[in-house]
Each structure stands twice: as structure tokens, then as C-alpha cells.
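Notes to accompany the following structure.
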Amino acid sequence: MLLIYLHKMNRLFNIFRLSVVCLSVVTLVSCLDNDDNRQSVTFNNMAVTVSGNELEGYRLYTDFDAVLVPSNLSQISWLKEVRRAVVSFDTSDESLTNVSDLESGHTYDIVLSEAAEIPTYISCVDTLSEDYQIFGQDSIALKNRAVQSVNQTEGQYYIQNGYMNVVPTFYFDPYSAVSFLLYYDGNRDIDTTGKKATFNLYFDNNAPNAWNTTSSLISLRMPDEVYSRFIQTGLTDDDTIDVCLNVRTQTGTVTLEYKTALEDFMLP
């Protein structure tokens, strides 16, 4: 029954599973321009959300809401297909010399120099939902494993542009897929009156005896249904929500906390 359920969960919740090779992408690996006359890279390792289409063009939204418009996206067409990435880039504006020069809400023309995908997961399960009650067989509790640890440093856990971002350390097998998702109890964990949402991190490395370890920034899509529940109570995008994440680690459960505007639940 558990194997049948997992097959249905893949179909019902579209679990986004990345091979462990993708989990090492915190180090940029794709060199895009070797022109010796090009300016040196001004900005390195910036996390962005990719948005757009072929008709309207593509934009990269930084996690502090600056908007980047790349002129050489044709060199890295794979970037159009991902949701989150880490990029390095040049800009022709020589007055921009550090991150603090980039302003929220402003748009900048850039030339990408390197890019790598951030492991991104889009599934969030309400354990009280009909689908889970019918097909779940309590599989989350049965399959969920502890990560080694989670980075609790300020700035390592946050919500922006529709994604929750967190940095766990965990065991993996190079030949087995790694799965993360968010899950919650729709009655207990979503407090619209208290303006608080609590989620739990699900982790399965599909390898009970894995011994390799890695730390990776991962991004998890915030659920539209939770956003809608807050909006339906009369809250607006400007209202602040407390978002907690419970992470099961080898030394016990760690609860991360972050205050964010409700609009940050949504994609740019």
C-alpha cells in the first residue's frame, strides 16, 4: 500500500525530485562567457526567482526585490525552465559596485556570467485533505526521515517571491533521488486569527544506509491554498504573517521562525 500511495502522491502532488548531483549547485558551475574583454564579474552567487516567457521575456527577481533583465539568456536556455537559481553577472553601469547599490523595486540590465539551479520543490500537503486521507496511509509519518541539522543563522531561513528557503544538512546516496516537501494540519497549523502558519519539513533520501553528507540551500513553494485562507479572512498582502517551520533533526525537532508579508507567499 505504501508503494501504491507513493506513486499516487507523485501524481497528485507532483513531488519535484532532484538527483543529488543537483544538490551541490550552491557552487556555480556553468561558465557562460570567456571573452577576455568583458568586465570582471561584479556580483556573485545571488539567489533569484525566474519568471517570464518567450513572448514577454524573462526576468530574474532577487530575494531583496531588485529585478534583473539578462541580455544573454540565449546562452543558458536551460535557465528558462527552472524556478530558482543562483547567478553571477556583470552590469554596464560602472556605478554599481556592490550589492547595496542594487535597490528594491529597480530594474537592471545585466550580462550573466555563471548560473546554477537551486533545488526547488513544489509540493505542500494538507494531511487533512481528502486525497491524503484516502491515499496517504500515514506515509509521511512512515517515510519522513531526520536531516542531520538545519542552519539556524539569521538570514538562512526566509520567505520571498513565493518560496520558503532553508539550508539543511543531510545524508544522501549519489544514486538515489532526494525528496523534500512541506506538510501541515489544515485545522491546527493555520491560525488565521493569530496570523500564523506552521509547516513541517518532510525529507526522504530513499537510501537508509546513505553516508555521504551535504549542506544545500533548497527552495519550497509556498501553498496558494494557505495564502487564500488568510485573504478570505479579510487580510491584505501587506499584513504580516508569522511562518514557522518544524525540522526534524538527529538531535531533535528545530523550529525556525520568520515574519513575512502575506504577499511573499505569491510568485512575482
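Here are the numbers:
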quantity: Selection within segment 56-78 - of a type in the set (D, E, K, R) and assigned to a strand (DSSP E or B); calculated: R59
quantity: Hits in segment 190-217 (condition: closer than 23 Å to G155 by Cα and of a type in the set (V, I, T)); calculated: T198, T213, T214
quantity: L102 being in the same structural domain as A66 (by TED's automatic domain parsing) and surrounded by 15 or more Cβ atoms within 10 Å (Cβ to Cβ); calculated: yes
quantity: Residues located in segment 85-99, provided they are surrounded by fewer than 19 Cβ atoms within 10 Å (Cβ to Cβ) and under 22 Å from the mean Cα position of the chain (by Cα); calculated: V99
quantity: In segment 218-268, the residues that are over 13 Å from I159 (Cα atoms), touching a residue at least 60 places away in the same chain (Cβ under 8 Å) and part of a loop (DSSP other than H, G, I, E, B); calculated: Q250, T251
quantity: Residues that are part of a strand (DSSP E or B), in contact with a Ser or Thr (Cβ under 9 Å, 6 or more places away or on another chain) and not polar (S, T, N, Q), drawn from segment 87-117; calculated: V87, F89, D90, Y108, D109, I110, V111, L112, E114, A115, A116
quantity: Close pairs (9 angstrom Cβ cut-off, 6 or more residues apart or separate chains): in contact (Cβ under 8 Å) with a residue 12 or more places away in the chain in segment 77-104, assigned to a loop (DSSP other than H, G, I, E, B) and among the aromatic types (F, W, Y) anywhere; calculated: R83/F16; V99/F64; L102/F64; E103/F64; S104/F64
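Here is a yes/no grid of residues against (1) closer than 27 Å to Q232 by Cβ; (2) assigned by TED's automatic domain parsing to the domain that holds L235; (3) in contact with a Cys (Cβ under 9 Å, 6 or more places away or on another chain):
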residue: N151; (1), (2), (3): no, yes, no
residue: M164; (1), (2), (3): yes, yes, no
residue: V167; (1), (2), (3): no, yes, no
residue: Y171; (1), (2), (3): no, yes, no
residue: D191; (1), (2), (3): yes, yes, no
residue: F199; (1), (2), (3): yes, yes, yes
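Matching residues to (1) farther than 14 Å from V50 by Cα; (2) at pLDDT 95 or above:
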site: V87; (1), (2): no, yes
site: S92; (1), (2): yes, no
site: T97; (1), (2): yes, no
site: E103; (1), (2): yes, no
site: E114; (1), (2): yes, no
site: E117; (1), (2): no, yes
site: Y121; (1), (2): yes, yes
site: S129; (1), (2): yes, no
site: Y132; (1), (2): yes, no
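Let's see how each residue does on (1) crowded, with 19+ Cβ neighbours inside 10 Å; (2) within 20 Å of M222 (Cβ to Cβ); (3) outside the structural domain of I218 (by TED's automatic domain parsing):
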{"site": "N45", "(1), (2), (3)": "no, no, yes"}
{"site": "L55", "(1), (2), (3)": "no, no, yes"}
{"site": "R59", "(1), (2), (3)": "no, yes, yes"}
{"site": "R83", "(1), (2), (3)": "yes, yes, yes"}
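The values are calculated or read from the model by the stated rules, or taken from the named source; none is laboratory data. Because the structure is predicted, anything quoted here is derived from the model rather than measured. Quick reminder, even Gly has a Cβ in these numbers, built from the backbone with ideal geometry, and neighbours come from all protein chains shown.
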